[in-house]
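These notes are about the structure you will find just below.
The values are calculated or read from the model by the stated rules, or taken from the named source; none is laboratory data. The model shown is predicted, which means the values in this text are computed figures rather than measured ones. With ideal geometry, Cβ positions are generated from the backbone for all residues, glycine too; neighbour counts draw on all protein chains shown.
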Amino acid sequence: MKRIAIQGSIGSFHDIAAHQYFKDEQIQLICCSTFEQVFENIKHDPTVIGMLAIENTIAGSLLHNYELLRDSGTTIVGEHKLHIEHSICCLPEDSWETITEVHSHPVALMQCRGFLAGHPEMKAVEAQDTAGAAKFISENKCKGWAAICNANAARLYGMKILQESIEDNKHNFTRFLVVSNPNKADFLRPLEQTNKASIVFSLPHEEGSLSQVLSIFSFYKINLTKIQSLPIIGHEWEYMFYVDLAFNRLTRYRQSIDAIMPLTKELKILGEYQDDGKQPKP
């Protein structure tokens with residue numbers, strides 16, 4: 001049985017992503033209130049695997065998770081793309097007329113801005129987790145409160161679904177990363193099947209430093225599927241670059257890393273893994 005640490009409660013999107021990624025396997029979830037706790041669980045027990053959201057097609061990147069990943073000492077062993085659908089739910093005795101507050105994760109609230117704008121009588125309240133909001137309302141019998149979460153989570157906690165698919169954009173996907181202790185990585189993904197990597201590096205504050213690195217990747221026919229920059233605290237106008245690379249040959253990818261090494265500072269490979277391969281279609 002695999003033990004998977006997730007941020008959120010049973011029924012959350014992290015829960016769904018974990019069960020889809022490890023389908024046909026027995027898993028035990030370790031529910032954490034923060035992403036920091038996910039990495040703490042892996043640190044204290046090297047057999048624990050982490051599942052964490054890293055980017056959404058609407059909300060963008062979860063920038064703090066990039067920093068946590070870089071400092072955690074874990075490695076990425078896989079990814080999973082999940083179609084996100086939101087529902088609004090409440091206690092069985094409540095209705096549209098009695099709802100005064102709607103609780104959910106801030107990203108979920110942002111993804112349902114159009115729906116919330118159409119219901120100005122409902123005060124939007126941020127929570128740590130989508131499913132956790134439904135669980136709290138159900139367990140504490142919070143009359144007049146609603147939650148935005150997945151429909152399965154609403155049913156799990158005995159909530160009444162007022163409306164499904166309330167997200168503004170139906171092409172709403174979240175990409176999750178599967179992370180583990182580096183010593184366990186080879187048991188979780190076959191290295192010969194890897195065709196994607198995530199790296200992070202900084203560059204000298206010199207003209208053309210980034211373009212030189214990009215030219216090398218182009219020469220080796222390495223496709224950059226994502227590049228995210230974050231400022232380096234205490235170093236004005238200097239950045240860490242988080243880059244996702246896709247490749248057909250592991251050898252050429254390794255050669256490209258060797259080639260850019262002299263041009264970069266603090267280069268770190270965050271993980272080598274297999275692309276999910278899913279096209280973003282609901």
Exercise for the section: Report the residue count in the stretch 92-108 for those that are buried (at least 20 other Cβ atoms within 10 Å of the Cβ) and modelled with pLDDT of 95 or more. Expected result: 5
Fill in the blank from the handout: When residue 186 is run through (1) part of a helix (DSSP H, G or I); (2) outside the structural domain of residue 94 (by TED's automatic domain parsing); (3) at pLDDT 95 or above, the failure sits at (3)
Completion exercise
Going through the stretch 1-32 in order, the residues found to be touching a helix residue (DSSP H, G or I) at 6+ places or on another chain (Cβ under 8 Å) and hydroxyl-bearing (Ser, Thr, Tyr) are 9, 12
Practice task
Would you be able to tell me the number of residues in the stretch 47-64 that are modelled with pLDDT under 95 and out of contact with any His (no Cβ under 9 Å at 6 or more places or on another chain)?
Solution key: 8
Practice task
Could you pull out the residue among 97, 126 that is of a type in the set (D, E, K, R) and within 24 Å of residue 10 (Cβ to Cβ)?
Solution key: 126
Handout entry: Residues that are touching a residue at least 40 places away in the same chain (Cβ under 8 Å), among the acidic types (Asp, Glu) and over 22 Å from residue 191 (Cα atoms), drawn from the stretch 24-82
Key = 45, 55, 67
Problem - Close pairs (9 angstrom Cβ cut-off, 6 or more residues apart or separate chains): on the phi > 0 side of the Ramachandran plot in the stretch 5-21, of a type in the set (A, V, I, L, M) and surrounded by fewer than 24 Cβ atoms within 10 Å (Cβ to Cβ) anywhere - result: 11/156
Practice task
Of the numbered conditions (1) in contact with a Ser or Thr (Cβ under 7 Å, 6 or more places away or on another chain); (2) in a helix (DSSP H, G or I); (3) under 22 Å from residue 63 (Cα atoms), residue 217 fails exactly one; give the number of that condition.
Solution key: (3)
Practice task
Among the residues of the stretch 232-252, write down those that are touching a strand residue (DSSP E or B) at 6+ places or on another chain (Cβ under 6 Å) and at pLDDT 95 or above.
Solution key: 241, 242, 243, 244, 245, 246
Exercise for the section: Select, from 42, 30, the only residue that is outside any loop (DSSP other than H, G, I, E, B), crowded, with 19+ Cβ neighbours inside 10 Å and modelled with pLDDT of 95 or more. Expected result: 42
Handout entry: Condition check for residue 14: under 11 Å from the mean Cα position of the chain (by Cα) and farther than 24 Å from residue 243 by Cβ
Key = yes
Handout entry: Among the candidates 78, 73, residue that is more than 17 Å from the chain's Cα centre (by Cα) and outside the structural domain of residue 159 (by TED's automatic domain parsing)
Key = 73
Practice task
State yes or no: is residue 85 surrounded by 16 or more Cβ atoms within 10 Å (Cβ to Cβ) and in a strand (DSSP E or B)?
Solution key: no
Exercise for the section: Identify all residues within the stretch 129-144 that are of a type in the set (S, T, N, Q) and buried (at least 18 other Cβ atoms within 10 Å of the Cβ); write none if there are none. Expected result: 130, 138
Exercise for the section: Check off (1) in contact with a Cys (Cβ under 9 Å, 6 or more places away or on another chain); (2) surrounded by fewer than 18 Cβ atoms within 10 Å (Cβ to Cβ); (3) not in a strand (DSSP E or B) for residue 161 and give me the number that stays unchecked. Expected result: (3)
